[in-house]
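Working notes, beginning with the structure itself.
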Amino acid sequence: MYYTPGMLKSMKRVEATREFRLTQELPLLDPVQKVDLLENHHPDYIEDVFRELKVGPSKGTLTPKEFASVFEAYSAIDPEEFDLSTVDYDVDVLVVGGGGAGASAALVAHEHGADVLLVTKLRFGDANTIMAQGGIQGADKENDSPAIHYLDVMGGGRYFNDPDLVEALVVDAPGALAWLEKLGVMFDKEPDGTMVSIHGGGTSRQRMHAARDYTGGEIMKTLRDEVQNRKIPYVEFSPAYELLTDGKKVTGAVLHNLETEEYLVVRAKTVILATGGAGRLHVDGFPTTNHYGATADGLVLGYRVGAPLVFMDTIQYHPTGAAYPEQLLGQLVTEKVRGLGGQLVNTDGNRFIYELETRDVEAAAIIRECSERKKGVTTPSGYSAVWLDTPIIEVLRGEGIIRKRLPAMYRQYQRFEIDMAAVPILVYPTQHYQNGGLEIDADTETKIENLYAAGELSGGIHGRNRLMGNSLLDVVVFGRRAGKAAAERAATIKKSGKLSLAHLTEFHEELEGVGVAHDRIAPMLLPDYRRSKATEKKLVVLP
Amino acid sequence: MAEDMATIYVMGKAYEVPKDLTIMKAMEYAGYRFLRGCGCRGAFCGACGTVYRNVDDYRLRVGLACQEVVQDGMYLAEIPFFPGNKAFYDIEDLEPNSETILKLYPEIFRCLACNTCTKACPQDIEVMEYIQAALRGDIAKAADLSFDCLLCGLCAARCPAEIVQYNVALLCRRLYSRYIAPKAAHLENRVEEVREGKYDKELADLKKMNERQLAKLYDSRDIEPGD
């Protein structure tokens with residue numbers, strides 16, 4: 001056992017109250033209590049986290065400082081000097097990003113007859129999609145409907161969501177699930193084929209479908225395999241570093257081969273940005289559940305060509321990030337744990353919130369428990385955390401259920417000699433999802449012609465708070481919409497566009513106008529976790 | 001050397017790192033900045049398969065760099081890519097039987113049942129068991145046993161019969177899910193209802209509502225009891 005004596009003492013109190021908690025009913029918060037909790041404890045309401053953007057199409061709007069720093073940054077490319085005369089790839093549709101949205105878009109664009117190229121910064125599939133554990137929503141049961149799903153999404157996003165986008169999400173959901181089923185995604189099913197589905201935070205029907213707790217992984221592996229089977233070309237370790245325009249419309253991109261350091265020019269009739277999230281910017285110092293490459297690159301590219309952003313002042317903190325052991329810090333403990341009956345419990349062994357409130361509310365409640373109320377459990381490195389009582393799931397649903405329904409989680413803790421079926425685990429909120437992003441319409445087109453955006457880097461679908469299981473749904477639904485729309489548009493464009501970086505010259509001038517220092521460069525591409533001691537004596541000897 | 005430090009050998013080069021770090025964080029501590037060999041950092045993507053050997057031990061062990069904690073004297077190398085064979089197929093044209101698998105991956109005939117693949121799996125999957133199941137045409141079992149595979153490639157790297165187990169596994173899961181598991185009838189019905197426009201009017205009405213009207217509906221909506 002890996003727990004400290006202090007933790008073990010607190011754990012005894014969790015065990016002592018378990019039987020009582022089995023039948024304890026906590027009510028949902030009313031709207032007034034909810035707002036009060038959020039305003040006092042959710043990081044979105046801490047003024048110091050944000051600042052106003054000084055340049056670009058969304059000038060004057062608030063965003064976390066870490067985001068502002070990459071939006072207000074120069075390109076490594078000098079637009080005056082850069083040579084665009086040799087075109088390395090000439091395609092109909094360029095898909096930037098190799099996660100769930102990019103793969104879905106590539107498949108559907110290809111189905112619509114487009115000549116597609118997919119490019120990605122790391123390996124194809126290295127994305128937040130592959131890490132999504134809990135599930136994918138979709139109103140496909142008798143007692144459910146797209147309309148009921150719609151209401152859950154709007155309420156969860158606190159009514160800020162774009163109604164057209166929410167409609168697209170919920171109406172396309174059954175079709176998206178059927179598409180995945182047909183491609184051979186191994187969903188959890190009853191013997192008669194009925195999808196196993198449970199609740200997630202903020203759902204009024206049990207519509208969370210899963211593939212054990214590797215749901216995103218199973219989807220990603222299948223989509224990637226299908227792209228490979230159809231021989232759709234893709235290039236790895238070659239992110240788009242800048243978009244190209246004809247002065248108005250997007251006409252291609254500059255790629256950067258990270259291994260040879262060569263630049264490559266792509267001419268494309270339409271471009272789909274699907275670069276995903278930004279957890280590796282570590283807003284307000286939070287750890288993150290996101291993959292290594294989640295650095296907001298596509299947002300930066302889109303912003304520079306003039307595509308406006310929406311809801312960039314709201315970040316989703318996943319309520320249950322691993323808080324202990326240290327090696328797992330910030331990693332996702334899927335919401336499915338609570339969906340299956342896992343309870344949040346403070347150091348005294350008491351519950352403090354109903355477990356299936358929306359994520360913003362759950363996160364705020366845990367933060368309040370650990371800060372204002374001082375009812376957290378302290379870890380050796382000084383973090384405060386609360387218990388997630390997992391053994392209660394086995395009491396509720398039968399012995400062995402955790403290994404069966406949560407194999408990834410179980411294995412992850414087992415590696416540190418923590419048997420989550422026998423003992424509770426420690427959790428604290430972690431940066432998980434960017435609720436906002438590039439403004440799109442229901443066909444995923446941004447405000448810039450021929451530039452589309454799908455998945456986490458788009459904004460408006462989830463308002464100010466996304467529900468569990470609507471992100472995997474989002475990448476498939478809007479990835480598919482993007483693929484269709486971009487291919488159809490490309491088919492109407494007869495002549496290839498002129499390639500120019502004029503927008504970058506303008507953007508750089510704007511940055512100089514507000515005095516941004518020249519050493520601030522974006523996109524970031526990869527975070528740097530080297531110890532400063534290891535980098536401060538760095539000497540670059542190879543030219 | 002301080003008590004809380006360990007010496008590790010990254011591809012033969014020694015570095016002193018804190019003892020409680022994972023291999024990945026220890027390498028970053030030492031000054032490595034990953035390009036390959038680092039993906040999700042949470043044991044879901046298989047980018048950081050690592051082979052290592054402990055001091056005074058001839059045995060090669062495996063792990064994921066993002067999960068495995070360093071040990072003093074550890075010799076290690078990441079295997080960030082494996083050039084394994086993948087069959088290309090149209091899932092719609094296949095039949096879910098052993099002939100299909102043997103046609104696409106005939107090399108699984110060569111399995112020696114040596115179990116090296118199982119020992120090489122950082123996910124503790126019964127790799128040899130599922131290859132044997134695939135050989136027998138028990139696709140459901142192969143799909144079930146291989147479910148947690150991350151496609152890191154370590155099994156294939158160690159296989160004396162040069163089988164690419166992870167791609168066989170993926171084929172089995174797709175065949176099972178596409179053809180053997182019964183289709184979800186309720187999903188098919190709902191897709192049809194959506195196509196017929198059954199929900200269009202209700203959604204159009206909801207879309208017209210203002211926040212106050214929506215909130216009234218939302219706050220009073222009935223919630224299905226969990227099971």
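Just so you know, all these numbers are worked out from the coordinates, no wet-lab data involved. In this text, all values refer to a predicted model and were calculated from it rather than measured experimentally. As a convention, Cβ positions derive from the backbone with ideal geometry for all residues, glycine included, and neighbour counts pool all protein chains shown.
The table below lists the values:
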| read-out | value |
| --- | --- |
| Distance from region A:345-376 to region B:196-212 (C-alpha centre basis), Å | 36 |
| Reduced Cα scattering model of chain A, Debye log10 I(q)/I(0), q = 0.12, 0.13 Å⁻¹ | -1.12, -1.29 |
| Rounded if a/c under 1.5, otherwise prolate or oblate - chain B, Cα gyration tensor axes | oblate |
| Shape metrics for region A:431-530, restricted to C-alpha atoms - Rg then Dmax, Å | 17.2, 49 |
| Span-rule helices in chain A, defined as complete DSSP H runs reaching 20 Å or more along the axis (Cα) with Kyte mean at least -0.5 | A:163-183, A:470-492 |
| Rounded if a/c under 1.5, otherwise prolate or oblate - region B:104-144, Cα gyration tensor axes | oblate |
| Rg/Rh ratio calculated on Cα atoms of region B:5-78 (Kirkwood radius) | 0.93 |
| Label-to-label distance, nm, for residues given as A:Glu142 and A:Glu47 (7 Å Cα→Cβ offset) | 5.5 |
| Contour excess over end-to-end distance, with Cα ends at A:Asp246 and A:Arg13 and 0.36 nm allotted per residue | 77.3 nm |
| Degrees, to the nearest 10: B:185-195 long Cα axis against longest axis of chain B | 60 |
| Cα→Cβ-extended label distance, 7 Å offset, between A:Lys495 and B:Gln213, nm | 4.8 |
| Debye log10 I(q)/I(0) for region B:91-180, one point scatterer per Cα, at q = 0.13, 0.20, 0.26 Å⁻¹ | -0.34, -0.83, -1.38 |
| Crossing angle, helix B:165-175 versus chain B [Cα axis fit, 0-90 degrees, rounded to tens] | 10 |
| Under 24 Å from A:Lys141, Cα to Cα: lysines that are on another chain or at least 8 residues apart | A:Lys182, A:Lys189, A:Lys336, A:Lys404, B:Lys183, B:Lys198, B:Lys201, B:Lys207 |
| Average beta-carbon neighbours from other chains, 10 Å sphere, peptide B:203-215 | 4 |
| Cα convex hull volume per residue for region A:1-108 (Å³) | 353 |
| Charge-dipole axis of region B:5-78 as Lys and Arg at +1 and Asp and Glu at -1 on Cβ define it, positive-most pick from B:Met74, B:Gly31, B:Pro18 | B:Gly31 |
| Model label zone, A:Gln33; criterion: amide N under 16 Å from point 7 Å along Cα-to-beta-carbon; scope region A:195-222 | A:202 |
